[in-house]
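Presented below is the structure to which this report refers.
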Amino acid sequence: MESVGRLLDITNTVTAVADDKISRIHGITRRSRMLALNAAIEAHRFGAVGKGFAVVADEVKAISSEISELASSLQGELRGRLQNMTSFATELSSEVDSLRGERLADLAFNAIELVDRNLYERSCDVRWWATDSAMVEALVDGADDQARRHAGQRLAVILDSYTVYLDLWVADVQGRVVATGRPGRFPKALGVDVSRESWFRDAMATKDGNNFAVADISRVAALDNAVTATYATAIREGGDVNGKVIGVLGIFFDWESQARAIVQGVRLSPLERARTRCLLLDSSHRVIASSDGVDELGRSYSLKANGREHGYYQEGATTVGFARTPGYETYRGLGWFGVIEQRN
């Protein structure tokens, strides 16, 4: 794109220089013709003595006329060719803009698709971990502290293998957290009341073990105000897909670090990276991640998708590429967008 811009600048400069030089040539030939005319008048005044000078004056006039015609012809040819070059450079610039916009939209799609693949795995994790016998036994009638400690130990084992999570919680039907995977790191979590949290209520309302709930990206006070993507599902009697709901498993994906890795990992050249910003938006077009870390979580972003799932547009001197979540396998996505901004 910068090369095309330079080509346009060079073409415009050459056009201006050529017009200036040819204009100066026309000025010189006009002065030459005026001198030739004055010489002819003087030669006529001197009669026979001035005849030789008159011949020279006529030749100067003829040469001036020839130079003027040549300059006019050159100006016409140069202008035509330079106009063709300018048109070509303009068309090339438009094509480059289009290709760049499409590339940015594709990069945005790759970013949001990677998010979908990540969150698809989260939706699978929560559903099968909820069937773990330790989770079920921690919530059955008559469960004691030992059963709940065992559930916590089981959650800790899972966390050791799945480092993308901040914590995992088991809550009873009243919404009280009875087991966590990292009580040492997050001591405020054990015993906290989550009955008013959307993920808890939605998980309690799932019709069977194949369903799950997900909350908006937000900060969780009991996890030291960390930014999380929270997935949850009901824990059921016997771990059966259609069993009675006896509690909820909530899993807290370490959104801030994982999302940062995605937006900062978009494949850009070093020159591009200096003038490019990558973002993730939720379904309400609120910022949930940005590569430069400037935007606060939840800030509204003016995305001009105009109903399109994938595309690009110009915003002043910036090209904006975007793509809506495509979903992945059984995960339909949450209506989120990947966005790439690049200064021209």
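General remarks:
- Extension gain for SER161 to GLU329 (0.36 nm times residue separation, less C-alpha to C-alpha distance): 58.1 nm.
- Taking 16 Å as the straight-line reach from the Cα of LYS244, the aspartates and glutamates in range (excluding those fewer than 8 positions away in the same chain) are ASP132, GLU137, ASP141, ASP172, ASP202, ASP208.
- Ratio Rg/Rh, restricted to segment 122-255 and using Cα atoms, in which Rh is the Kirkwood radius: 0.92
- Residues THR233, THR13, THR318, arranged from fewest to most other Cβ atoms within 10 angstrom of their Cβ, appear as THR13, THR318, THR233.
- Cα-based shape type of segment 204-258, given that a ≥ b ≥ c are square roots of the gyration tensor eigenvalues and the cut on a/c is 1.5: prolate
- Karplus-derived 3J(HN,Hα), 6.51/-1.76/1.60, for each residue of segment 168-173, Hz, glycine and proline x: 10, 10, 10, 10, 7, 5
- Relative to the current alpha-carbon distance between LYS244 and SER23, full extension at 0.36 nm per residue lengthens the span by 70.3 nm.
- For GLU102, GLU69, GLU197, order by how many other beta-carbon atoms lie within 10 Å, fewest first: GLU69, GLU102, GLU197
- Neighbour counts of other Cβ atoms within 10 Å put TRP255, TRP129, TRP169 in the fewest-to-most order TRP129, TRP255, TRP169.
- Cα-based radius of gyration of segment 259-343 once divided by 2.2 N^0.38 Å, which approximates compact folds: 1.06
- Segment 128-158 and segment 301-319: distance between their alpha carbon centers, rounded to Å: 48
- Net lengthening on full extension, ARG81/ALA205 (0.36 nm per residue, minus Cα-Cα): 37.4 nm
- Zone residues, segment 10-27, relative to ILE67, backbone N less than 13 Å from point 7 Å out along Cα-to-Cβ: 22-27
Since every read-out is calculated from the coordinates, none of them should be taken as a lab result. As the structure is a prediction and not an experimental result, all values here were calculated from the model. FYI the Cβ positions are ideal-geometry reconstructions off the backbone, even for glycines, and counts take in every protein chain you see.
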